[in-house]
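Working notes, beginning with the structure itself.
What follows draws every value from the coordinates through simple rules; no lab data is involved. All values derive from a computational prediction rather than experimental measurement. Reconstructed Cβ throughout: ideal geometry from the backbone, glycine too, with neighbour counts over all protein chains shown.
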Amino acid sequence: MKLLSIGIQHFDELRETNRMYVDKTEMIYHLMKDKGVYFLSRPRRFGKSLLLSTMEMLALGRKDLFKDLWIEDKWDWTRKYPVIRISMLDINYEKLGLEKALKNILTKICNQYEIKIEIDAVKDIFKQILKEVHAKHGKIVLLIDEYDKPIIDFLEEKHIETATENQAIMKNFYSCLKDNGHFIHTLLITGISKFAKVSVFSELNHLTDLTLHPNYVNLLGYTQEELEKYFDEHLDFYLTKHNKETKQGLLDKIRLWYNGFSWDGENRVYNPFSILNFFDTNQFANYWFVSGTPTFLLRLMFEKKNYEFENVSFNVNSNNIYDIHKLELIPILFQTGYLTIVEAKDNPFTDKKFIERISHGFMGNNLDEVEEVIDEMFKDVPHDFYVKQEVVLHCLLHIVFTYVGLQIQSEVHTQKGRLDAIVETKSHVYIFEFKINKTVNEAIKQIRQKEYGLKYVKTKKQLIGIGANYSTKKRCFDKWKRIVIIK
């Protein structure tokens, strides 16, 4: 029975001591065989550091470590790459400050590759390292572990200014990657959360986010098939100690306790930390949960006073953290592993089908469909962008309708006022009046009193007035109402 790899984050140590390794090298092969830059978000204790270590050993050409693994006879072992690995787990930024801590780790890299640096700014040092390592050794494999830790560690209210300062330092530090990407063969950045204002995501516009990528949802964690294949002897050992249980009964119980993570709503994986500890102790317990819940998360839950998490719906594709001073509870709970995807539905705004739905809705006078899509779109607007003024509402809808390809005019002057928007099709003219935190009856009343339809009588098309009220509290259109002005 193979030894378990509890607490071992170095692939070479794990393989040299003949410990359990669940083979993920097929997916790693596809990440590294060609040039690529990637980001991966996963909760704590999910094997991110071991993944990076595996990639490091592969880049260095340590064929001996990959014996009997999928990749052994697939990888070109004549290809070797210099590796730069930066881990935020152990750079002592709490005492030194992030700037100095980064400088220390860059100094170690300079010593490793015999690079002399006479500049002081960490961004410039990083840039020089990339340039010189590439010049001496070729394309680089750059691995950055837990990039967001210097922010997450300071998200408590009393330390939030430190988090803000660290965010700015990281933005400056990573900004050099944009103009130096030609030095890199593979870049993988791992973390728990995705902070939008860290420039690695804005500057590297070709960065592939693996977090929800359908080909890599099982890159970390153990699938049901992997559990039964690699831990078969450990399952049998448990059964010898608990001879009243059947193997299927044991598998069902393990699934109930630990098979709780999914990044697509279809494939589910076991948390490695929980599974390894379960087979080590042969006792069911909440190993992952009790290993530490971030203090800032407990504070956030207390502030939001929202403990209703059944049937929660939100757009996982827009789960960036835009403002660390205004954290949103649901995205944070998802990223940190306390919520997972049960069912995935197409987002009408990112799916091209939304174009067809709005277009067909207008062309076929199916306004229920139009209203439904608009409602779904506005529910996905991030917190910082919540609509508070009518002019913003008009602007957003004008952009959407224009993008769809509709004939739209906004802020149209008439004899008695100015209507919000009109959409004209071959058979209809739709006149929109929007309100915020009012009523649809007020919107309809305005359409009637201001006689907005008179301007379009000559078109000989059917005129439809549409009133809509946007609720800032509900963050969506809570009421729609239509009237026929001229049939």
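Report the full-extension gain for the segment Ser471 to Ile486: residue separation times 0.36 nm, less the Cα-Cα distance, to one decimal in nm.
Numbers: separation 15, 0.36 × 15 = 5.40 nm, distance 2.93 nm.
Additional length available on full extension: 2.5 nm.
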Top positive-direction residue, dipole computed over the chain with Cβ charges, set Phe334, Phe432, Leu212
Phe432
Where the centre of each part is set by its Cα atoms, how far does segment 239-273 sit from segment 1-62, in angstrom?
23 Å
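Per DSSP H run of at least 4 residues, take -39500 (n - 2.57); add these up for the chain, divide by its residues and hand me the 222 nm value, nearest 500 deg cm²/dmol.
Working: 20 runs with 194 residues, N = 487.
Value at 222 nm, helices only, nearest 500: -11500 deg cm²/dmol.
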Does anyone have the angle between helix 247-258 and the longest principal axis of the chain? Alpha-carbon axes, 0 to 90°, nearest 10?
60 degrees
Taking amide H positions as placed in the peptide plane 1.01 Å from N, state which residues far from Tyr270 in sequence (5 or more) or on other chains have amide H under 5 Å from it.
Tyr222, Thr223
In debye to the nearest 20, the charge dipole size for segment 11-209, taken about the Cα centre with +1 at each Lys and Arg Cβ and -1 at each Asp and Glu Cβ, equals 300 debye
Charge dipole of the chain about the Cα centre (unit charges at C-beta), most positive-ward option of Phe289, Val312, Gly265
Val312
Report ³J(HN,Hα) in whole Hz for each residue of segment 213-230, in order, from the Karplus equation J = 6.51 cos²θ - 1.76 cosθ + 1.60 where θ = phi - 60°; Gly and Pro get x.
5, x, 7, 10, 5, 10, 4, 10, x, 10, 6, 4, 4, 5, 4, 6, 6, 7
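Rounded, prolate or oblate: which one fits segment 105-231, using the alpha carbon gyration tensor with axes a ≥ b ≥ c (rounded when a/c is under 1.5, else prolate when a/b beats b/c, else oblate)?
Cα axes put segment 105-231 in the oblate bin.
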Residues meeting the amide H criterion for Phe477 (H placed from the backbone, H to H distance under 5 Å, 5 or more places apart or on another chain) are Ser471
For Ala344, other-chain or 5+-apart residues with amide H closer than 5 Å (H placed, Pro excluded) are none
Check each of the trypsin sites (Lys or Arg not before Pro) in segment 16-83 and keep only those in coil by DSSP with at most 11 other C-beta atoms within 10 angstrom; list them in order.
Lys67
Just order 261-270, 292-301 by mean Cβ neighbour count inside 10 Å, highest at the front, would you?
261-270, 292-301
Debye, to nearest 20: dipole size of the chain, +1 on Lys, Arg Cβ, -1 on Asp, Glu Cβ:
1600 debye
Among 230-239, 215-224, the order from most to least packed when residues are scored by Cβ within 10 Å on average
215-224, 230-239
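Give me the extension gain from His10 to Trp257: residue separation times 0.36 nm, minus the current Cα-Cα distance, reported in nm with one decimal. Please report the intermediate quantities before stating the final value.
Working: separation 247, 0.36 × 247 = 88.92 nm, distance 2.74 nm.
Additional length available on full extension: 86.2 nm.
Among DSSP bridges having both ends in the chain, what percentage is antiparallel? Round to the nearest 5.
Values: 22 of 51 bridges.
So the antiparallel bridges amount to about 45 percent of the total.
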Considering only DSSP beta bridges where both residues belong to segment 353-486, give the percentage that are antiparallel (nearest 5).
70 percent
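Ratio of alpha-carbon Rg to the 2.2 N^0.38 Å globular estimate for segment 1-144, to two decimals, please.
Cα Rg divided by the expected 2.2 N^0.38 Å: 1.14.
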Quick check on the exposure proxy: order Cys476, Cys395 from fewest to most C-beta atoms within 10 angstrom.
Cys395, Cys476
Under the rule a/c < 1.5 gives rounded, and otherwise a/b versus b/c splits prolate from oblate, where does segment 72-152 land using the Cα gyration tensor?
oblate
Share of alpha-carbon pairs per 5 Å distance bin for segment 353-486, given as whole %:
2, 10, 21, 26, 22, 13, 5, 1, 0
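Quick one: if the Förster radius is 35 Å, what FRET efficiency do Ala135 and Tyr230 give, using the C-beta to C-beta distance and rounding to 0.05?
Working: r = 42 Å, r/R0 = 1.21.
Result of the calculation: an efficiency of 0.25.
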Can you pull the Rg over Rh of segment 35-82, Cα-only, Kirkwood?
1.01
